[in-house]
4 protein chains.
Amino acid sequence: MSYISLPESKELDFVAIGRLCIDLNANEIHRPMEETMTFTKYVGGSPANITIGMSRFGLKTAFIGKIANDQMGRFIADYLRRNRIELTNVVTDRTGAVTGLAFTEIKSPTDCSILMYRDNAADLQLTPGEVQEELIAKTKVLLISGTALAKSPSREAVFQALNYAKKHGAVIAFDLDYRPYTWTSPEETAVYYNLAAEKCDIILGTREEFDMMETFEHNPEHSDQVTAGKWFDYSAKIVIIKHGKDGSIAYTQDGADHRAKSFPAKVVKTFGAGDSYAAGFLFGVMQGWTLEKSMEFGSAAACIVISSHSCSDAMPTAAEVHDYIERCNRGEITAS
Amino acid sequence: MSYISLPESKELDFVAIGRLCIDLNANEIHRPMEETMTFTKYVGGSPANITIGMSRFGLKTAFIGKIANDQMGRFIADYLRRNRIELTNVVTDRTGAVTGLAFTEIKSPTDCSILMYRDNAADLQLTPGEVQEELIAKTKVLLISGTALAKSPSREAVFQALNYAKKHGAVIAFDLDYRPYTWTSPEETAVYYNLAAEKCDIILGTREEFDMMETFEHNPEHSDQVTAGKWFDYSAKIVIIKHGKDGSIAYTQDGADHRAKSFPAKVVKTFGAGDSYAAGFLFGVMQGWTLEKSMEFGSAAACIVISSHSCSDAMPTAAEVHDYIERCNRGEITAS
Amino acid sequence: MSYISLPESKELDFVAIGRLCIDLNANEIHRPMEETMTFTKYVGGSPANITIGMSRFGLKTAFIGKIANDQMGRFIADYLRRNRIELTNVVTDRTGAVTGLAFTEIKSPTDCSILMYRDNAADLQLTPGEVQEELIAKTKVLLISGTALAKSPSREAVFQALNYAKKHGAVIAFDLDYRPYTWTSPEETAVYYNLAAEKCDIILGTREEFDMMETFEHNPEHSDQVTAGKWFDYSAKIVIIKHGKDGSIAYTQDGADHRAKSFPAKVVKTFGAGDSYAAGFLFGVMQGWTLEKSMEFGSAAACIVISSHSCSDAMPTAAEVHDYIERCNRGEITAS
Amino acid sequence: MSYISLPESKELDFVAIGRLCIDLNANEIHRPMEETMTFTKYVGGSPANITIGMSRFGLKTAFIGKIANDQMGRFIADYLRRNRIELTNVVTDRTGAVTGLAFTEIKSPTDCSILMYRDNAADLQLTPGEVQEELIAKTKVLLISGTALAKSPSREAVFQALNYAKKHGAVIAFDLDYRPYTWTSPEETAVYYNLAAEKCDIILGTREEFDMMETFEHNPEHSDQVTAGKWFDYSAKIVIIKHGKDGSIAYTQDGADHRAKSFPAKVVKTFGAGDSYAAGFLFGVMQGWTLEKSMEFGSAAACIVISSHSCSDAMPTAAEVHDYIERCNRGEITAS
């Protein structure tokens, strides 16, 4: 059964709005960042990574965002262009904003952290007037990302993008991607996450992210059913709640829950797992696959990304994901 | 026919959230403010005025807001208390914010202006966590006012109040009350006004205010039907669009439009007309009167306020409004 | 002996830089402000009051400051003009700043307080580039006031004015006028007060103000001699330290201290005492009077101001001050 | 002849106050930064580099500054400690500020630029109350750097450090190090640079930096004599004005000017030239060398730094500088 019906005859498959930034990944890993001497530069930001993934899977994609008017901004635009992502709505900032940075620290495969530079970030300067209605009018799916809600005017740009998507019938996916910095308070976060989620067809997040959204609500047992049920009263068709090591569960309007098996991986770091999972899952849903198969595809894509050094650059093709699944099925890949 | 059905057996009739401030009205009028030497102090702010009006009509009312921790704040609390408005959710600011001020200039009955002090205003410091769910749970009607959306955290407090009102079945009225200061841009304003209006049962505003809300839309002829029609697709039951001298029109979901006759008045100044109209109209609707009768009652209340020096203090009782209507009907009152 | 030698053949006697604002004085006095219903509007701000005083004494004066582009700003300009104060360097703000306000509360002659509105105040928007060197070049005395140091760019404007005054040989007087609001911390205040005081010939302040300036210093007994002595190592010729009821003491480079007798007054409120004292004292010094006689003249001017309702408007003429002194000497005036 | 007399029997030779940050130097050079993929991390910031240089020359040094409470901050502290710089007055920020960053772009030896991250930088959060008087009391020389004047509260911390240095007789050197970002306007910069320079014994800067300081003055021919002469009227003993390729000139109170020959170098990039020059020159002055010999030593130190990849890490020992001079004198080093 298909939970999502995509609009037909749209020119673009997938458009994302939100954070575009730079990852500076430690080259010398398995040590604290104090002892890291060199860093490699990659394009980063959750919606950027997902869009790169979608493009590698062969979809027609575009991005809505804002880049700094500097070398970092131009590097990002260049990288997206080389990945065949349409840039007509990637605006260049003129206020002197800078590119957001994320320095990664990889102490061990399971002990990773990020040092963020988000002050005066260009991506948060996107205004609602800069969002192109005609771009959203021609896409099947719009992905929004929670970090873009963290500050004005980007916050308003996301709400305006949601308006256009509703008006033109795009399926809307919401990757919660909650990062506490930049937000003033958890209360503020909860208010805007809820306002946005009301308008979305697919919502993906961790149990902790949904807990934050329930700041003003009563779900003392952190019940997934209570959480998902609320959103089915609005627009949602699928709510995916991720439970870390215990796997993800997709809840659907019909009261069902869906799980997929997981795969082994030689883990380098955990960054990028969520982005590649989201890309793989959404790709599967767009192909008309079952939720179980879509989730499996997302999991395998995530395994590939966490086995390598970067997030964006490691995004696999569909063939690579299928191949990974087969090799796992043949027992050729084991956990690290 | 009744367009609004009020929840039954609620303890309170009417709760408003938003701006509480001080009006400093010129005592020497019909001259520029440069030549005004003394000012009289009144409680002000559109939702405060409406609540005072509702209380004078005999309803049980409460207010949700924030006051400065100073003499002006204490004066406001005192005045509301003396008008029998419940203050359990009027919070005192602890950050050093000040009371918003509005100096009025009355050059002539038709040439009035306001000099606003809205920097660091206490009312805009209300947080979503300070809004009491139990208060909203026990009211029949919640009124929100656009100025409270102008800045965080008050903006989030209004959205949280809307959530509680929806959850507990209160009828929600939205008095647009758009004031350009405090807002960053018309685009920002349009985004939040629209997000709020989606959740409201009754929306009242001027044609210009609705035009601002349509910043991102296409209504080149400023058609009231197009404007009102949009909101009936969300939650609205009644949309009132005010056309200044040409009177107000109430649009309803059934496609009808409703007008009321107007009354003559000896106009001192135009301030407070909208607030007293809103109070009178909402009171009528809550009594189960026809829209026409409710609008008439609102118009007469407005006539009384614009014939006197203040806004809040001049709010009439229901008996005074009925009397005004009768005297007009008897031809005892003529325009100035 | 003359402690100050004025430059000769300068066109102007006295120029002040700094705060220009509006006082809103309670009409109903001897009660808390909560119970005050009407206020009278006056020009206010310590350096403005002093300049008005100087002009009433018959000196040629000018002002350097910034006013809001509104009715309050125009009222201020008008009032200064009518008091024959040159306005060529009173700039109109174009950023939307407002006029600073001071609501006065007079509970009793000895229990007075002020409710200040200083957020986004126009006077603090004066930039160093707006200060006219040619105006300072032609004045005998420049007065700076501490509140103008509270925030950029006004802070830099004052330092630039000091540079011009040093360059062109004007005598510089510093009225400390410390008001805690607007300042970030007492440390910040101490740093800039000290930097400014180093360049001044005459420094007037209360013991408490000098204590604040000694935040980073060691004067555990709050010794006036220690305090004054420090400034004689820089540019100071006269340091006046005010001890409230115990009177003021003028310290001079030669190690002497000077006191004047005080006068009785029928006190209405204490506001404006410091400004009228400063005006009277500086006027005396500029006439070549002894410090004792100058201080006496300042005290009598202060008595006149605290016996009336306003600060600026009550500033006396020299004849009125002399008359007040004579009447006191004849025993015609007794304390309230 | 000695222009500077150092205080005797002080425990420390040299203390600097100001910017501590991270340089991220492009590993792949001679290309635009868009094409740089990896960066190497170094401690940076002009006063930090100079202090590292002084320490390598064998002097006893300390630093006054503020570091972020993160991996970058700890790396900086660690590096300074390993360079035997006393850290008792390097404070850790607790407000969530970040470490300032400087990404370097080396297109060619003569075409280098920097991409700065200075928003919410920890070093600008140093407060005047955090500056330790006892540390400044025991140093012979205090170096201040212009970037620390760019913002409060660091600006006030520098002025307080100057007060302590004056009080305790330290020789004060001012490295202008003007960077336009962070400053609000050139006017603001000029005001504070001048206020600080008035108190300094040695002032080093480029002709362009001195021009900026003369924003409000009249030196239409950009005359070094006019520039230097002004400062001799305050505290200055030596004013060094750098003319890029045309070399530096040291002006002294006696009206003399002093020049040194320059040395050839295999230039990798120009960054760090000023810092190593300042370190070498000040070291020479502190040894009692002639100004010419001191300048020569500074020039040779600069040649060593610009021939290598970093600024801080490339700071030479005195032996290495002497060796460089000798090798130049023997003709063993030629320009690139």
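Suppose we filter the stretch A:310-336 for residues that are under 19 Å from A:Gly45 (Cβ atoms) and surrounded by fewer than 24 Cβ atoms within 10 Å (Cβ to Cβ); how many remain? Walk me through it before giving the result.
Of all residues in the stretch A:310-336, those under 19 Å from A:Gly45 (Cβ atoms) come to A:310-316.
Among the residues that remain, those that are also surrounded by fewer than 24 Cβ atoms within 10 Å (Cβ to Cβ) are: A:310, A:313-314, A:316.
Qualifying residue count for the region: 4.
With respect to A:Lys140, is the statement that it is at pLDDT below 95 and of a type in the set (Lys, Arg) true?
The answer is no for A:Lys140.
Which one is surrounded by the most Cβ atoms within 10 Å (Cβ to Cβ) among residues in the stretch A:131-173 that are more than 13 Å from chain B (Cβ to nearest Cβ) and in a loop (DSSP other than H, G, I, E, B)?
Looking at the filtered set, the residue picked out is A:Ala170.
Kindly establish whether A:Asp201 is in contact with a strand residue (DSSP E or B) (Cβ under 8 Å, 6 or more places away or on another chain) and more than 30 Å from B:Tyr193 (Cβ to Cβ).
no
List pairs: first in the stretch B:174-188 and on the phi > 0 side of the Ramachandran plot, second in a loop (DSSP other than H, G, I, E, B) and of a type in the set (Gly, Ala, Ser), Cβ under 7 Å, 6+ apart or cross-chain?
B:Thr182/B:Ala150
Among the strands (runs of 3 or more DSSP E) confined wholly to the stretch A:33-112, which include 3 or more residues that are modelled with pLDDT of 95 or more and among the aliphatic types (A, V, I, L, M)?
Working: elements: A:38-44, A:61-67, A:85-92, A:101-108.
Here the list reads A:61-67, A:85-92.
Pick out the one residue from A:Ser299, A:Ser235, A:Ser307, A:Ser276 that is within 30 Å of B:Asn163 (Cα to Cα), of a type in the set (Ser, Thr, Tyr) and open to solvent by less than 50 Å² (accessible area, probe 1.4 Å).
Working: A:Ser299 fails: within 30 Å of B:Asn163 (Cα to Cα); A:Ser307 fails: within 30 Å of B:Asn163 (Cα to Cα); A:Ser276 fails: within 30 Å of B:Asn163 (Cα to Cα).
Only one candidate qualifies: A:Ser235.
Please work out which one of (1) at pLDDT 95 or above; (2) surrounded by 18 or more Cβ atoms within 10 Å (Cβ to Cβ); (3) touching a Leu at 6+ places or on another chain (Cβ under 9 Å); (4) of a type outside the set (D, E, K, R) is the condition A:Leu115 fails and give its number.
Here A:Leu115 meets the rest and fails (2).
Would you call C:Leu24 within 19 Å of the chain's Cα centre (by Cα), surrounded by fewer than 23 Cβ atoms within 10 Å (Cβ to Cβ) and not in a helix (DSSP H, G or I)?
Answer is no for this residue.
So, D:Glu217, is that one within 14 Å of chain C (Cβ to nearest Cβ), among the acidic types (Asp, Glu) and over 17 Å from the mean Cα position of the chain (by Cα) or not?
yes
For the stretch D:285-336, how many residues meet the condition of being in contact with a strand residue (DSSP E or B) (Cβ under 8 Å, 6 or more places away or on another chain), in a helix (DSSP H, G or I) and more than 26 Å from D:Ile202 (Cβ to Cβ)?
Final tally of qualifying residues: 0.
Could you grab me the full set of residues in the stretch A:176-194 that are open to solvent by 10 Å² or more (accessible area, probe 1.4 Å) and either hydrophobic (A, V, I, L, M, F, W, C) or within 15 Å of the chain's Cα centre (by Cα) (or both)?
Within the stretch A:176-194, A:Asp177, A:Tyr178, A:Arg179, A:Trp183 meet the criteria.
The conditions are (1) crowded, with 17+ Cβ neighbours inside 10 Å; (2) out of contact with any Leu (no Cβ under 9 Å at 6 or more places or on another chain); (3) within 14 Å of chain B (Cβ to nearest Cβ), and C:Asn49 fails exactly one of them. Which is it?
Failed condition: (3).
For the stretch A:1-29, which positions are of a type in the set (A, V, I, L, M) and within 27 Å of D:Gln71 (Cα to Cα)?
A:Leu20, A:Ile22, A:Leu24, A:Ala26, A:Ile29
With the condition kept exactly as written, say whether any residue in the stretch D:280-294 is modelled with pLDDT under 95 and under 21 Å from D:Ala173 (Cα atoms).
no
Has the stretch D:23-45 got at least one residue that is touching a helix residue (DSSP H, G or I) at 6+ places or on another chain (Cβ under 8 Å), under 25 Å from D:Ala157 (Cα atoms) and away from chain A (no Cβ under 14 Å)?
yes
I'd like to know if the stretch D:314-321 contains one or more residues that are among the hydroxyl-bearing types (Ser, Thr, Tyr), touching a Gly at 6+ places or on another chain (Cβ under 8 Å) and free of Cβ contacts under 8 Å to residues at least 60 places away in the same chain.
no
Can you tell me which residues in the stretch B:93-112 are within 14 Å of another protein chain (Cβ to nearest Cβ), touching a residue at least 24 places away in the same chain (Cβ under 8 Å) and open to solvent by 40 Å² or more (accessible area, probe 1.4 Å)?
If we filter the stretch B:93-112 for residues that are within 14 Å of another protein chain (Cβ to nearest Cβ), which is where we start, we get B:93, B:95-107, B:111-112.
After this cut, where a residue has to be touching a residue at least 24 places away in the same chain (Cβ under 8 Å) as well, the list is B:93, B:95-107, B:112.
B:Thr95, B:Gly96, B:Lys107 - these are the residues of the stretch B:93-112 that are within 14 Å of another protein chain (Cβ to nearest Cβ), touching a residue at least 24 places away in the same chain (Cβ under 8 Å) and open to solvent by 40 Å² or more (accessible area, probe 1.4 Å).
The values are calculated or read from the model by the stated rules, or taken from the named source; none is laboratory data. Small disclaimer: the values here were computed from a predicted structure and weren't measured. Cβ: placed from backbone, ideal geometry, glycine included. Neighbour counts: every protein chain shown. Calculation scope for accessible area: heavy atoms of the full protein, side chains included, ligands and nucleic acids excluded. Shrake-Rupley method; radii C 1.70, N 1.55, O 1.52, S 1.80 Å.
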